[in-house]
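The values are calculated or read from the model by the stated rules, or taken from the named source; none is laboratory data. Quantities reported herein were computed from a predicted structural model and do not represent experimental measurements. Don't worry about glycine lacking a Cβ; one is built from the backbone with ideal geometry, like all the others, and counts go over all protein chains shown. Only protein heavy atoms, including side chains, enter the accessible area calculation; ligands, DNA and RNA are left aside. Shrake-Rupley method; radii C 1.70, N 1.55, O 1.52, S 1.80 Å.
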Amino acid sequence: MHRFNLTLPRHAFGPRETARPGEIWRTLQDVAVRASSEAGYTPRDYREQQISWVMRTMTVRHLAEIRFGEHVVAESWISTFEREIFSNRQIRLSSDGEPVVLADQRWVHVRLPDLKPVRASAELKQALGELLEPLDLNLPAAESDFHEKIGFRTDFATWHSQMDPLAHANHPAYVDWVDEAWLRWLVAQGMDPQESIAVAESVTYRSGVVAPERVTVELSLTGSEDGAAFFDATIKVGDRLTATAWAVRRHPDFTGDWATVLSR
C-alpha cells in the first residue's frame, strides 16, 4: 500500500473550479508512476530495462467533485498479477477522510520498443508488493435501457506536441475526446457544457493513436437513471477501432429520463 498527499494543478480545473475527468485520469496516472517509483521502479528504470506498462482498461468512479485547492490523499496497491503480464492497480483518492475518486487500472506489461506483451521479471513482481483486495467501485446501473443513437459524431486532430513518452496519445486523452464529444452534444441541445458532472467512465484500448492521425468519436445513448445519462462511445482512426468507452454524466438542467432528449 502506497499513501501520499497531493494537490491537483491549476490547469486541471474548469470554470466551476472543479477538476475535469481527463485531468483526474492524469492524476491517477501520476499516482501509479509514483507508487511504482516508491517500489523501486522509476520511469528511467523501465526505460533502461526496455520494458513498460500500457493501459488495457481503466474504470473510474467519481463519488464527489474535487475543488481547486483541495488537499487529496492518494492510496494505491496491486490487486492482481496474472501470468506476469496483466496487473490491476487500485487507486483511491480521498479528501477530509472521505473517498472522492475510485479507480481500477488494468495494465499490460510490454517490451520496448515494439510494445509486445512480455512476462515481468520476478524482481519487478516482488517490488510491486503483496496483492491486496480490489476496490468496490459501486458502479451505477441504468434504470431504463434503450439503444438509439444520439446522432452525434465529431472528430479531433492529434498533435505531435502532445505525444507521450511512448510516442502515442496518452490514455487520458481518450477521456478528453469522449467528454468533448459529449459536451459538444450538450451545446447542440442548448445546455451549458460546463455544468456537466462526471459520475463514472471506463475506456478499453485497442490500438494506439499517433500524431497527426485524426480520431472520430461516435456517441450512443444507452440508458438513464435519476437524471443521469449513460452512453457508449467508439473512438476510431478511419476504419480502425482504437478504443471503446462508456460513461455516466449528470447535468443540472435535466432531471428526467434522457430518452426524451432524443425526440427534441
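I24 meets all of the listed conditions (1) closer than 22 Å to P117 by Cα; (2) out of contact with any Asp or Glu (no Cβ under 6 Å at 6 or more places or on another chain) but one, namely (1).
Are any residues in segment 165-197 without any contact (Cβ under 8 Å) to a residue 60 or more places away in the chain and under 21 Å from T18 (Cβ atoms), and if so, which ones? Residues satisfying the conditions are W177, E180, A181, L183, R184, W185, V187, P193, S196.
The numbered conditions (1) touching a residue at least 60 places away in the same chain (Cβ under 8 Å); (2) open to solvent by less than 40 Å² (accessible area, probe 1.4 Å); (3) more than 30 Å from L183 (Cβ to Cβ); (4) small (G, A, S) are all true for S79 except (1). Look at A32 and say whether it is of a type in the set (A, V, I, L, M, F, W, C), modelled with pLDDT of 90 or more and either under 13 Å from the mean Cα position of the chain (by Cα) or in a helix (DSSP H, G or I) (or both). Taking the combined requirement at face value, the residue satisfies it. For beta carbons closer than 6 Å, sequence separation of 6+ or different chains, a first residue in segment 36-52 that is polar (S, T, N, Q) and a second that is outside any loop (DSSP other than H, G, I, E, B) and surrounded by 15 or more Cβ atoms within 10 Å (Cβ to Cβ), the qualifying pairs are S52/Y46; S52/V110. Residues that are part of a helix (DSSP H, G or I) and open to solvent by 20 Å² or more (accessible area, probe 1.4 Å) were ranked within segment 35-66; the one that is farthest from R250 (Cα to Cα) is E48. If you scan segment 1-26, which residues turn out to be in contact with a Pro (Cβ under 9 Å, 6 or more places away or on another chain) and either more than 20 Å from A181 (Cβ to Cβ) or basic (K, R) (or both)? The one that is in contact with a Pro (Cβ under 9 Å, 6 or more places away or on another chain) and either more than 20 Å from A181 (Cβ to Cβ) or basic (K, R) (or both): R26. The residue pairs whose first member lies in segment 207-231 and is under 29 Å from W159 (Cα atoms), whose second member is acidic (D, E), and whose beta carbons are closer than 6 Å, counting only pairs six or more residues apart or on different chains, are R214/D155; T216/D155; S220/D232. The sole residue among V101, V178 that is in contact with a helix residue (DSSP H, G or I) (Cβ under 7 Å, 6 or more places away or on another chain) and more than 25 Å from E48 (Cβ to Cβ) is V101. Taken together, the residues in segment 194-223 that are open to solvent by 30 Å² or more (accessible area, probe 1.4 Å) and over 13 Å from I235 (Cβ atoms) amount to 5. Taking every residue in segment 236-249 that is closer than 30 Å to A64 by Cα and open to solvent by 60 Å² or more (accessible area, probe 1.4 Å) and pairing it with any residue that is of a type in the set (D, E, K, R) and in a strand (DSSP E or B), at least 6 positions away or on another chain, the pairs with Cβ-Cβ distances below 7 Å are W246/E201; W246/D232.
Scanning segment 82-96 for residues that are of a type in the set (K, R) and crowded, with 18+ Cβ neighbours inside 10 Å turns up R89, R92. Scan segment 123-144 and report the pairs whose first residue is charged (D, E, K, R) and whose second residue is open to solvent by 100 Å² or more (accessible area, probe 1.4 Å) and in a loop (DSSP other than H, G, I, E, B), with Cβ atoms within less than 8 Å and a gap of 6+ or a chain change. Pairs found: E143/D226.
Does P99 satisfy the condition of being open to solvent by 20 Å² or more (accessible area, probe 1.4 Å), free of Cβ contacts under 8 Å to residues at least 40 places away in the same chain and not in a helix (DSSP H, G or I)? It is true that P99 is open to solvent by 20 Å² or more (accessible area, probe 1.4 Å), free of Cβ contacts under 8 Å to residues at least 40 places away in the same chain and not in a helix (DSSP H, G or I). Among the residues of segment 45-78, write down those that are under 18 Å from the mean Cα position of the chain (by Cα) and within 17 Å of K125 (Cβ to Cβ). Listed by number, the residues that qualify are W53, S76, W77, I78. Scanning segment 107-125 for residues that are buried (at least 18 other Cβ atoms within 10 Å of the Cβ) and either modelled with pLDDT of 95 or more or not in a loop (DSSP other than H, G, I, E, B) (or both) returns W107, V108, H109, V110, L124.
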